[in-house]
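I have placed the structure first, in the form of structure tokens, so that the comments after it can refer back to it.
The values are calculated or read from the model by the stated rules, or taken from the named source; none is laboratory data. Keep in mind that this is a model prediction, so the values were computed, not measured. Every residue, glycine among them, receives a Cβ derived from its backbone with ideal geometry; neighbour counts consider all protein chains shown.
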Amino acid sequence: MTQLPPINSLDLNRFKRIVFFTGAGISAESGIPTYRGKGGFWTHYNYEDYACQRAFDRDPEKVWDFHEERRRFVSECRPALGHRIIAEIQRHKPETRVITQNIDGMHQKAESVDVFELHGSLWRVRCPREDTREEIFDIPLKSRHCRCGAYLRPDIVWFEDPLDDAILKVSISAVLKCDLLITVGTSATVFPAAEIPLLALQRGVTSIEINLEPTEISRFYTYTMIGSAGKNLQSLLGQSSFPILHQD
Ligand code: OAD
């Protein structure tokens, strides 16, 4: 049996195609609440009132008020250390991909590129009649209606919505090609998103899970780092042989 090198000797610069798979825990350090657990979003709000097509069909103004408030809140948040470190690693290794379940746009704000947003974005709207999408940062929106007259809706994958095929495809392709998977801050309980890292785990590639607590799938990872997203990513970066080290 081969001996695993200790996590504190892992050099990220040795890997060619790194995939980060992120969830609400990374943005918790930007001040954005997670969904589950203490203080979690879904402990205060019932998704059936705010985050499904049925709720929108019943009362689009109520659902929009909720999302406008989330847009306003998130617009005042800044990328956390974890988002910034991932963007920095991407600058060193342009083949790095970021697959996120988050809708807050924090990875992009930290200047990450090639961010695959599995659950859509708070910053995009969609016209269901014309099947068009547009990125809009106005708060509040100038109009909740498309030029065609239909209600725009947030371009978010709500409960019971399917994932976007194209995003799913590029995400699967990235995990099937990666040689290192780093999962950060997700409870790994929401499917089908939670199946995506499993594809890399099944291939036996080197994998690291960073989370405040163990998850149902922690045992499948090569390494688990229990604790804060930012601090753990910082130590991984600090021990790696990138030419310019991150300065915080
Ligand atoms: P969850 O709220 O389910 O899980 C967040 C995870 O992050 C938990 O396991 C926490 O322990 C961990 N965590 C919290 N703070 C952390 C920190 N500072 N550092 C590291 N880990 C931390 O969020 P997700 O797994 O992202 O869907 O939820 C998945 C999906 O469920 C979301 O994308 C959302 C939700 O319904 C949509 O909005 C469509």
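Of all the listed residues (ILE167, ILE210), the sole one being in the same structural domain as SER27 (by TED's automatic domain parsing) and closer than 26 Å to ASP11 by Cβ is ILE210.
Remark: pairs (first residue in segment 219-239, free of Cβ contacts under 8 Å to residues at least 24 places away in the same chain; second residue more than 15 Å from the ligand (Cβ to nearest atom) and not acidic (Asp, Glu); Cβ separation under 7 Å; 6+ apart in sequence or on different chains) = PHE220/LEU201; GLY238/LEU245. With respect to the conditions (1) at pLDDT below 90; (2) surrounded by 15 or more Cβ atoms within 10 Å (Cβ to Cβ); (3) hydrophobic (A, V, I, L, M, F, W, C), ILE18 falls short on a single one, namely (1).
Residue by residue, here is whether (1) within 14 Å of the ligand (Cβ to nearest atom); (2) modelled with pLDDT under 95; (3) buried (at least 21 other Cβ atoms within 10 Å of the Cβ); (4) part of a loop (DSSP other than H, G, I, E, B) holds:
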{"position": "VAL98", "(1), (2), (3), (4)": "yes, no, yes, no"}
{"position": "GLU111", "(1), (2), (3), (4)": "no, no, no, yes"}
{"position": "ARG124", "(1), (2), (3), (4)": "yes, no, no, no"}
{"position": "ARG129", "(1), (2), (3), (4)": "no, no, no, yes"}
{"position": "LEU141", "(1), (2), (3), (4)": "no, no, no, yes"}
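Residue count for segment 171-198 satisfying the condition of being surrounded by fewer than 18 Cβ atoms within 10 Å (Cβ to Cβ) and over 15 Å from HIS119 (Cα atoms): 5. Number of residues in segment 30-41 that are under 13 Å from the mean Cα position of the chain (by Cα) and within 8 Å of the ligand (Cβ to nearest atom) equals 2.
Filtered by the rule that a residue be touching a residue at least 60 places away in the same chain (Cβ under 8 Å), assigned to a helix (DSSP H, G or I), within 14 Å of the ligand (Cβ to nearest atom) and not β-branched (Val, Ile, Thr), segment 190-218 gives a lone residue, PRO197. Among residues of segment 146-160 that are in contact (Cβ under 8 Å) with a residue 60 or more places away in the chain, those with a Cβ under 8 angstrom from a residue that is assigned to a loop (DSSP other than H, G, I, E, B) and basic (Lys, Arg), sequence gap 6+ or separate chain, pair up as TYR151/ARG144. Of all residues in segment 60-82, count the ones that are in a loop (DSSP other than H, G, I, E, B) and surrounded by 14 or more Cβ atoms within 10 Å (Cβ to Cβ). Selection size over segment 60-82: 3.
Could you check PHE66 against (1) within 13 Å of the ligand (Cβ to nearest atom); (2) in contact with a helix residue (DSSP H, G or I) (Cβ under 7 Å, 6 or more places away or on another chain); (3) touching a residue at least 24 places away in the same chain (Cβ under 8 Å); (4) not assigned by TED's automatic domain parsing to the domain that holds LEU168 and say which number it fails? Exception for PHE66: condition (3). Within segment 43-59, being of a type outside the set (Asp, Glu), in a helix (DSSP H, G or I) and either within 14 Å of the ligand (Cβ to nearest atom) or over 21 Å from SER143 (Cα atoms) (or both) holds for THR43, HIS44, TYR47, TYR50, GLN53, ARG54, ALA55, PHE56.
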